[in-house]
1. Somewhere in segment 186-197, is a residue in contact with a Lys or Arg (Cβ under 9 Å, 6 or more places away or on another chain) and over 26 Å from VAL137 (Cα atoms)?
2. Cβ-Cβ distance below 6 Å, separation of 6 or more or different chains: which pairs start in segment 99-119 with a residue that is on the phi > 0 side of the Ramachandran plot and end on one that is of a type in the set (Lys, Arg)?
3. Filter segment 191-216 for residues that are of a type in the set (A, V, I, L, M), over 18 Å from the mean Cα position of the chain (by Cα) and surrounded by 14 or more Cβ atoms within 10 Å (Cβ to Cβ) and give the result.
4. From the set of residues in segment 155-183 that are part of a loop (DSSP other than H, G, I, E, B) and of a type in the set (S, T, N, Q), which is surrounded by the fewest Cβ atoms within 10 Å (Cβ to Cβ)?
5. Go through segment 201-214 residue by residue and tally those that are modelled with pLDDT under 90 and either farther than 30 Å from THR103 by Cα or in contact with a Pro (Cβ under 6 Å, 6 or more places away or on another chain) (or both).
6. Name the residues in segment 127-141 that are in contact with a Gly (Cβ under 9 Å, 6 or more places away or on another chain) and closer than 26 Å to SER201 by Cβ, would you?
Amino acid sequence: MKGMNSGFYNAAVQMAMGSVQDMEIHTENLANSTMPGYKRLEASHPAFADVLDAEVGSVEDPAGSISINHNQGALRSTGRSLDFAIEGDGFFVVSDGSRDYLTRNGHFRISSDGAIVNSLGMAVQTTAGDFRIPHGVDAAQLEIDDGFNLRAGGKVIGTLKIEAVADPSALDQAGTTLFMNNGAERADIECKVLNGYLEQSNTTVFEEMVGMMTTMRNYEACQKMLQTVDDAEEKMMSKLV
């Protein structure tokens, strides 16, 4: 404890911890800036004065909170038949065999057994189960219509399963671009799925770099505040000796 300065000292520590958290978030966002369907992490922290008030319990969470920005990223044409992008609200459904997950990352491939999977090997879901390319069908001819029907060679080979929720923030993050619905309210599906496109990350590299510089300055300011308290405490103790 820092005697009469304990509130100021503890508030500065909390703010410094918040800066460390912010730096971790900016780093994570930058690392996934080229990941299709990645959703930007965001942190919010109370003002310094509110953290001081938290000493007497007026702020429930002085450490702040982390949220996910579910805004749509830009759509980029790839020309690849197994790339899909959702324009509007909604998620692709993939399965690891035990449960379903939701994702906006539509970069898919064909597995060795003919299933269409994501980068983790999870099977992309149709309304009838795992999405598989029938024998003799050329995946390069794959197309999708407004009803999410998958067509190849003029024939419908499945209907892509799309799910939407009323509040995406109610989903639980299960991976870099994976989410679990553990009770979030479903919503009507009002979106379009594009074939040969990918949704890019909604992270902006420039904004993350600026955020990192701002965070570093905030951290340095907190360190100076802590040093000021230490110096004042040391002077006070020297006068008492």
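The values are calculated or read from the model by the stated rules, or taken from the named source; none is laboratory data. Computed from a predicted model, the values in this text were never measured in an experiment. Cβ atoms come from the backbone with ideal geometry, glycine included; neighbour counts cover every protein chain shown.
1. No.
2. Note: pairs meeting the criteria are GLY114/ARG132.
3. Step one: filter segment 191-216 for residues of a type in the set (A, V, I, L, M), giving 193-194, 198, 205, 209-210, 212-213, 216.
Still in the list and also over 18 Å from the mean Cα position of the chain (by Cα): 193-194, 210, 213, 216.
Of everything in segment 191-216, those that are of a type in the set (A, V, I, L, M), over 18 Å from the mean Cα position of the chain (by Cα) and surrounded by 14 or more Cβ atoms within 10 Å (Cβ to Cβ) turn out to be VAL193, LEU194, MET216.
4. Taking segment 155-183 as the starting set, the residues that turn out to be part of a loop (DSSP other than H, G, I, E, B) are 161, 164, 166-167, 171, 174-177, 181-183.
Still in the running and of a type in the set (S, T, N, Q): 176-177, 181-182.
Working: THR176: 16, THR177: 26, ASN181: 19, ASN182: 9.
So, considering only residues that are part of a loop (DSSP other than H, G, I, E, B) and of a type in the set (S, T, N, Q), the one surrounded by the fewest Cβ atoms within 10 Å (Cβ to Cβ) is ASN182.
5. Residues of segment 201-214 that are modelled with pLDDT under 90, as a first pass: 211-212, 214.
Among the residues that remain, those that are also either farther than 30 Å from THR103 by Cα or in contact with a Pro (Cβ under 6 Å, 6 or more places away or on another chain) (or both) are: 214.
The qualifying residues number 1.
6. Once the filter is applied, which keeps residues that are in contact with a Gly (Cβ under 9 Å, 6 or more places away or on another chain) and closer than 26 Å to SER201 by Cβ, segment 127-141 yields only PHE131.
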